[in-house]
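J.: Okay, here's the structure, questions in a sec.
The values are calculated or read from the model by the stated rules, or taken from the named source; none is laboratory data. Owing to the predicted nature of the structure, the values given are computational and were not obtained by experimental measurement. Cβ: placed from backbone, ideal geometry, glycine included. Neighbour counts: every protein chain shown.
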Amino acid sequence: MLGFTQLLRSETVATSAEEQRQWLAHIDDAGRHLLALIDDVLDLSRAESGDLRLAPEVLALEALVAATLPLVQSQAERLAIMLEVDPVPAGSVWADPVRARQVLLNLLTNAIKYNRRGGRVRLRIEREDTHYRLSIADTGYGLDTAQLSAAFEPFNRLGAERLGIEGTGIGLAIVKALVEQMQGRIDASSRPGEGSEFSFTLPIASEPQAEAQDVQTPAPDVAARSTDAPPGVDAPPACVLYIEDNEVNALLVRELLAPHAWVRLHTAADGGSGVRLAQELRPDLVLLDMQLPDMDGLAVMQALRADPLTADLRCVVLSANAMPEDIRTALAAGAIDYWTKPIELPAFVDKLAALLAPQA
């Protein structure tokens, strides 16, 4: 990636527009791979330490399968892989829907990616006492005993790197940690030359859990986002303070807003410095991560409300935690909205522009 960047900056290398587009595509691919790797490492770290917040709910198996299969369909078609899905039971599991889909998607993607061209992938779901078991079998090259014993080790690609297949070697480790946090178990079996089967269990949803799901979560206030027009170009730039300890997230927002003259971004890497900067800048808007190294986002909002200089500042939570309780608590603490990560790039700028637009 660095080499292509140097070529683009070079004044001595003659390049055509098409070559520059190709180099930019390589840089974009490398950047996406790096961000995916960082996200995976963070996910793995949080999952293994128990810091990854889950939002379990009653999740219909049919809905889980229906939400996941379209995500792998094009990949299967490119490799002429036949997807076979046994009839899905009408039951439900108690699981975080995002993380359950992540687990199923990872195992289906692996079954396709490490398969033979023209092979098959079969998904079947069976009830086992208090759990449902979801099994994904492929007709790929299979794993020997040593490879199978190391399948869930982080960064161990089991020799796949020699086949030129993209990957980081972290996916299965994350899958194992997620399944275990959702009170399930993951297993694997394989025969060299014949294929592999990975399966995981999720607890069956009970009636009390289904009744608890009927409690409705109040939606965030969206009245301030009724317009999609950005602030006027004649107005001075709006001041936004982003309190975020993750450098990658801060860099992403900074790069997203860099082309827009109507906003000026300031960042703080922890809650204490964020509060001090808010007192100094009196920003038009505060973007606030909820997990900071010195205090959580709720404590930051409490400190801002306690100071007459910052009591009226508008705060939007920008967090990976999407549990209904987290959202309710943040809104009750004074946040005007709650946006979840990963950031949806075009929508993020539009929502920010709407909030910063002059009010009539």
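J.: Does segment 317-339 include one or more residues that are in a strand (DSSP E or B) and either more than 30 Å from A95 (Cα to Cα) or without any contact (Cβ under 8 Å) to a residue 12 or more places away in the chain (or both)?
T.: Checked segment 317-339: no residue is in a strand (DSSP E or B) and either more than 30 Å from A95 (Cα to Cα) or without any contact (Cβ under 8 Å) to a residue 12 or more places away in the chain (or both).
J.: Could you tell me whether segment 247-266 includes any residue that is in the same structural domain as I343 (by TED's automatic domain parsing), under 24 Å from P358 (Cβ atoms), modelled with pLDDT of 90 or more and not hydrophobic (A, V, I, L, M, F, W, C)?
T.: Checked against the condition, which is being in the same structural domain as I343 (by TED's automatic domain parsing), under 24 Å from P358 (Cβ atoms), modelled with pLDDT of 90 or more and not hydrophobic (A, V, I, L, M, F, W, C), segment 247-266 yields at least one hit.
J.: Which one of A322, A311 is modelled with pLDDT under 90 and surrounded by fewer than 19 Cβ atoms within 10 Å (Cβ to Cβ)?
T.: A322
J.: Ok, one more. Do you know which residues across segment 340-360 are exposed (fewer than 14 other Cβ atoms within 10 Å of the Cβ) and not in a helix (DSSP H, G or I)?
T.: Those that are exposed (fewer than 14 other Cβ atoms within 10 Å of the Cβ) and not in a helix (DSSP H, G or I): P342, E344, P358, Q359, A360.
J.: Out of the residues in segment 133-154 meeting the condition of being within 25 Å of the chain's Cα centre (by Cα) and either of a type outside the set (G, A, S) or part of a loop (DSSP other than H, G, I, E, B) (or both), tell me which one is surrounded by the fewest Cβ atoms within 10 Å (Cβ to Cβ).
T.: Taking the candidates together, the pick is E153.
J.: Related question: Going through segment 265-281 one residue at a time, which ones are part of a helix (DSSP H, G or I) and not hydrophobic (A, V, I, L, M, F, W, C)?
T.: G271, G272, S273, G274, R276, Q279, E280
J.: Now a separate question. Suppose we keep only residues that are at pLDDT 80 or above and part of a loop (DSSP other than H, G, I, E, B) within segment 227-246. Which one would you say is surrounded by the most Cβ atoms within 10 Å (Cβ to Cβ)?
T.: E244
J.: Criterion first (modelled with pLDDT under 90, more than 20 Å from W262 (Cα to Cα) and either assigned by TED's automatic domain parsing to the domain that holds E57 or of a type outside the set (A, V, I, L, M) (or both)) does D296 satisfy it?
T.: So D296 passes the test.
J.: For segment 80-97, which positions are surrounded by 13 or more Cβ atoms within 10 Å (Cβ to Cβ) and assigned to a loop (DSSP other than H, G, I, E, B)?
T.: Selection gives I81, V88, P89, G91, D96.
J.: Related question: A173 - would you say it is modelled with pLDDT under 95, among the small types (G, A, S) and assigned to a helix (DSSP H, G or I)?
T.: When the stated conditions are applied, A173 passes them.
J.: On to the next question. Across segment 98-130, what is the total count of residues that are more than 22 Å from E194 (Cα to Cα), in contact with a strand residue (DSSP E or B) (Cβ under 7 Å, 6 or more places away or on another chain) and either surrounded by fewer than 18 Cβ atoms within 10 Å (Cβ to Cβ) or aromatic (F, W, Y) (or both)?
T.: Qualifying residue count for the region: 3.
J.: When residues of segment 282-321 are filtered for being within 30 Å of R99 (Cβ to Cβ) and of a type in the set (A, V, I, L, M, F, W, C), how many remain?
T.: So the count comes out to 15.
J.: Moving to a separate point now. Give me the pairs, please: first residue somewhere in segment 110-129 and over 20 Å from Y141 (Cα atoms), second residue anywhere and of a type outside the set (S, T, Y), beta-carbon distance under 6 Å, and either six or more positions apart or on two chains.
T.: So the pair list comes out as R124/D86; I125/L61; I125/V88; I125/P89; I125/L134; E126/R133.
J.: Given the structure, is L7 more than 30 Å from M290 (Cβ to Cβ), modelled with pLDDT under 90 and in a helix (DSSP H, G or I)?
T.: yes
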